[in-house]
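Taking it in order: structure first as structure tokens, then the write-up.
The values are calculated or read from the model by the stated rules, or taken from the named source; none is laboratory data. Worth saying up front: this structure is predicted, and the values here are computed from it rather than measured. Quick reminder, even Gly has a Cβ in these numbers, built from the backbone with ideal geometry, and neighbours come from all protein chains shown. These area figures cover heavy atoms from the full protein model, side chains too; ligands, DNA and RNA do not enter into them. Shrake-Rupley method; radii C 1.70, N 1.55, O 1.52, S 1.80 Å.
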Amino acid sequence: MTVAPLMARVLLYGALVAAAVALVAGTIGWVSSGLPGLLGGLLGAALSALFLGLTAVSILIAGRVTRGDAGNPAFFGIVLGVWVLKLVAFVVAAIFTRAWEAVDPVVFFWAVIAAVLGSLVGDMLALARTRIPYVSDI
């Protein structure tokens with residue numbers, strides 16, 4: 001059993017959400033605080049898309065490494081290892097952007113929140129719309 005069609009749809013919906021958040025947050029940021037707001041909106045959407053996309057990619061890679069055996073400890077090791085790396089990288093990026101004068105941290109924060117919530121909705125839609133057999137012939 002493969003989850004590749006689901007993860008491909010998750011990546012597609014995540015890209016669409018990131019583009020929409022970048023457009024809306026960048027516009028609102030530009031209107032509210034000029035260039036730092038624009039950069040905050042674009043950077044928040046881009047980082048969220050990157051980190052949320054890494055989850056789908058790690059599941060695809062883990063599935064290939066374990067040959068579709070989701071019960072294999074290596075599958076969980078790969079997915080959780082990428083998750084921990086993303087968490088550390090995101091905290092470092094958030095601290096860096098907070099101290100960076102060229103980025104509006106408030107717009108960055110709201111862009112990240114909007115991208116994460118939008119990606120969750122996209123993940124639910126992808127799961128509901130993707131046809132994946134749940135009975136395998138063993």
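Given a 1.4 Å probe and every protein chain left where it sits, what share in percent of the accessible area of the chain is carbon and sulfur?
On the way: 6700 of 8750 Å².
C and S atoms contribute 77 percent here.
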Q: Would you mind computing, in nm to one decimal, how far apart the modelled labels at R64 and L120 are, each placed 7 Å from Cα along Cα→Cβ?
A: 3.0 nm
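If you count only protein heavy atoms with a 1.4 Å probe, what accessible area per residue comes out for the range 71-138, rounded to a whole Å²? Intermediate results must be reported in sequence, preceding the final value.
On the way: 4990 Å² over 68 residues.
In whole numbers, the range 71-138 has 73 Å² accessible per residue.
Using DSSP to call loops (not H, G, I, E or B), can you name the chymotrypsin sites (Phe, Trp or Tyr not before Pro) in the range 37-138 whose Cβ has at most 13 other Cβ atoms within 10 angstrom?
Working: sites: F51, F75, F76, W83, F90, F96, W100, F108, F109, W110, Y134; in loops: W100, Y134.
Listed in order of number, the matching sites are Y134.
Let me spell out the model: positive unit charges on the Cβ of Lys and Arg, negative unit charges on the Cβ of Asp and Glu, origin at the Cα centre of the chain. What dipole size does that give, in debye rounded to 20? Walk me through the numbers before you get to the answer.
Working: 7 positive and 5 negative charges, 51 e Å.
Result for the chain is approximately 240 debye, rounded to the nearest 20.
Across the chain, where is the longest run that never hits trypsin sites (Lys or Arg not before Pro) in a DSSP loop with at most 10 other C-beta atoms within 10 Å? Write out the running numbers ahead of the final one.
Working: sites that count: R67, R131.
The longest uninterrupted stretch comes out as 1-66.
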Q) Which of P73, P36, A22 sits closest to the plus end of the dipole of the range 1-129, meaning its Cα is farthest towards the positive end, when Lys and Arg get +1 and Asp and Glu get -1 on the C-beta? A) P73
Q. Measuring with a 1.4 Å probe in the full set of protein chains, what accessible area per residue, in whole Å², belongs to the range 1-45?
A. 52 Å²
